[in-house]
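Encoded as C-alpha cells, the structure appears first; notes follow it.
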Amino acid sequence: MEDDELKAIRGQRMAELQVKQGDASNNQQAEEAKKRETDMKNSILAQVLDQSARARLSSLAMVKPEKANMVEKYLIQMARVGQIGGKISDSGLIEILEKVSQQTEKKTTVTFNRRRVDSDDEDD
C-alpha cells in the first residue's frame with residue numbers, strides 16, 4: 001500500500017515539475033517575442049529619426065515614458081504607411097511632439113454649484 005502511495009506522490013510531483021517547466025518555456029518565448037518587437041521598433045526609429053531627434057526622444061522617454069511611447073507608435077505607424085520621406089530632424093520631432101500633446105491634452109473644467117439655503121434666521 002505504501003508503494004502505491006509513493007508512486008502517486010512521485011507521479012504528482014513529476015506532473016508539477018512538467019507544468020513548471022512548461023511555464024518557464026512560455027515565459028522564455030514571451031521574453032524573446034518582446035525582445036524581437038523592441039529590436040524591430042528600434043530599427044524603424046533609427047531609419048526614421050536623425051541622431052538629434054533620437055536623443056530628444058530618449059530624453060523624453062526618461063521623463064515621460066507614456067508620451068514617448070505614444071510618439072514612437074505614431075512614428076512607426078507613419079513609417080509603415082509611407083508618410084515619412086527621409087529622416088525626421090529635431091525640429092520635425094518637436095512639431096510631432098506638439099501635435100501629440102495637443103491631442104492628449106486633458107481639458108479640465110470647474111463648475112460651481114451654488115445652493116441657497118433658505119433660513120428664517122437670516123431674516124431677523
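For every residue, the table says whether it meets (1) surrounded by 10 or more Cβ atoms within 10 Å (Cβ to Cβ); (2) without any contact (Cβ under 8 Å) to a residue 24 or more places away in the chain.
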position	(1), (2)
Ser58	yes, yes
Pro65	yes, yes
Asn69	yes, yes
Gln83	no, yes
Lys87	yes, no
Ile94	yes, no
Gln102	no, yes
Thr108	no, yes
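Regarding the stretch 32-50, can at least one residue be identified that is in contact with a Lys or Arg (Cβ under 7 Å, 6 or more places away or on another chain), surrounded by 10 or more Cβ atoms within 10 Å (Cβ to Cβ), among the β-branched types (Val, Ile, Thr) and in a helix (DSSP H, G or I)?
There is at least one residue in the stretch 32-50 that is in contact with a Lys or Arg (Cβ under 7 Å, 6 or more places away or on another chain), surrounded by 10 or more Cβ atoms within 10 Å (Cβ to Cβ), among the β-branched types (Val, Ile, Thr) and in a helix (DSSP H, G or I).
Considering each of Val100, Val110 in turn, give the residue that is β-branched (Val, Ile, Thr), part of a loop (DSSP other than H, G, I, E, B) and modelled with pLDDT under 90. Can you show your working first?
Working: Val100 fails: part of a loop (DSSP other than H, G, I, E, B).
Testing whether each residue is β-branched (Val, Ile, Thr), part of a loop (DSSP other than H, G, I, E, B) and modelled with pLDDT under 90 leaves just Val110.
Can you say whether Ala33 is among the small types (Gly, Ala, Ser) and either over 30 Å from Gly86 (Cα atoms) or in contact with a Cys (Cβ under 7 Å, 6 or more places away or on another chain) (or both), as far as the supplied structure shows? Let's see the steps before the verdict.
Details: among the small types (Gly, Ala, Ser): yes; either over 30 Å from Gly86 (Cα atoms) or in contact with a Cys (Cβ under 7 Å, 6 or more places away or on another chain) (or both): no.
When the stated conditions are applied, Ala33 does not pass them.
Just to verify a result, which residue in the stretch 77-97, among those that are under 26 Å from the mean Cα position of the chain (by Cα) and outside any helix (DSSP H, G or I), is nearest to Ala55 (Cα to Cα)?
Out of the qualifying residues, it is Ser89.
The values are calculated or read from the model by the stated rules, or taken from the named source; none is laboratory data. Quick caveat: nothing in here was measured; it's all calculated off a predicted structure. Every residue, glycine as well, gets a Cβ built from its backbone with ideal geometry; the counts of neighbours run over all protein chains shown.
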